[in-house]
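Read-outs: derived from the displayed coordinates by stated rules, not from any lab. Remember, it's a predicted structure, so these values are computed and weren't measured experimentally. Backbone-built Cβ (ideal geometry, glycine too); neighbour counts: all protein chains shown.
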Amino acid sequence: MADTATEGVEKLHIDEHEDEIESKYKPPPEKTIDEILEADKEDESLKKYKEKLLGDAKTGNIIVEPEDPRKVIVKKLVLCVTDRPDVELDLTGDISQLKKQVFTIKEGVSYRIRIEFIVQREIVHGLKYIQKTYRMGVPVDKMAHMVGSYPPKVEMQSYTTPPEDAPSGMMARGSYTVHSLFTDDDKHEHLKWEWCFDIKKDWKD
């Protein structure tokens, strides 16, 4: 386990990284579907592009799950490794139980994380996926990705992170806890959850 000084340095590094991401990105003003369609409507090519992009959303509200008032409903987290079956976390149930479903990741492999979600009712601006990884309570890694703006659709939408390399070596093996957050420009927390994975020497360990 890292000593107090090391823990402080690691946390400072992660917090500075988060501040840097926030300072570089300036969110655009939020607009409704009607406002987007009205803007630059004299530009025919731009008008056609926006109509294609928005699809059915331009004809009125799309509500996929009427009983759920949220604009963004996060459905799954999927761990993707080349030549391996995808491993899924169902995010629609009791998320407090997710830590009982532990992923195993072979040390050194390249992996991606895919988030599957529904957008309904209105356009969502500046979706962001933030993930902080801890080992024995000490922060050891952080990723923050701008997912983008999405119109409402009946179909499931998704975002896949760039590839990440799992740590390797005897000291890297062990259990990790991840705090994940799906948020947006306005800092709405669409979903916050915790999950776990183990780094092992091989898949079969």
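Could you tally the net charge around GLY148, taking each other residue with its Cβ under 12 Å from the Cβ of GLY148, Lys/Arg +1 and Asp/Glu -1?
-1
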Under the rule of at least 5 residues apart or a separate chain, name every residue whose amide H is placed under 5 Å from the amide H of VAL109.
ALA166
For the residues LYS132, LYS100, what sequence is obtained by ranking on other C-beta atoms within 10 Å, fewest first?
LYS100, LYS132
For ARG121, list long-range residues whose amide hydrogen, built 1.01 Å from N in the peptide plane, is under 5 Å from its own amide hydrogen.
ILE62, ILE63, VAL64
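Over all distinct alpha-carbon pairs, what is the Kirkwood Rh of segment 104-146 in angstrom? Provide the component values of the computation, followed by the final result.
Working: mean 1/r = 0.0744 Å⁻¹.
Averaging 1/r across every pair of different Cα atoms and inverting gives 13.4 Å.
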Given 10 Å bins starting at zero, what is the percent of C-alpha pairs of segment 87-182 in each, up to the one with the largest pair distance?
12, 42, 33, 11, 2
Using alpha-carbon positions, what is the distance between the centroids of segment 83-146 and segment 188-205, in Å?
7
When a footprinting reagent is the concern and you count Cβ atoms within 10 Å, what order do LEU127, LEU181 take, fewest first?
LEU181, LEU127
Tell me, THR82, THR160 in order of fewest to most beta-carbon neighbours within 10 Å?
THR82, THR160
For the pair LYS187/GLN97, report the inter-label distance in nm, with labels modelled 7 Å from Cα in the Cβ direction.
3.3
Under the Karplus relation 6.51 cos²θ - 1.76 cosθ + 1.60, θ = phi - 60°, what is the ordered set of whole-Hz ³J(HN,Hα) values for segment 176-183, x standing for Gly and Pro?
10, 10, 10, 9, 10, 9, 10, 9
Show me, for segment 108-116, the HN-Hα J-couplings you get by feeding each phi into the Karplus relation (A = 6.51, B = -1.76, C = 1.60, θ = phi - 60°), rounded to Hz, glycine and proline as x.
x, 6, 8, 9, 10, 10, 10, 10, 10
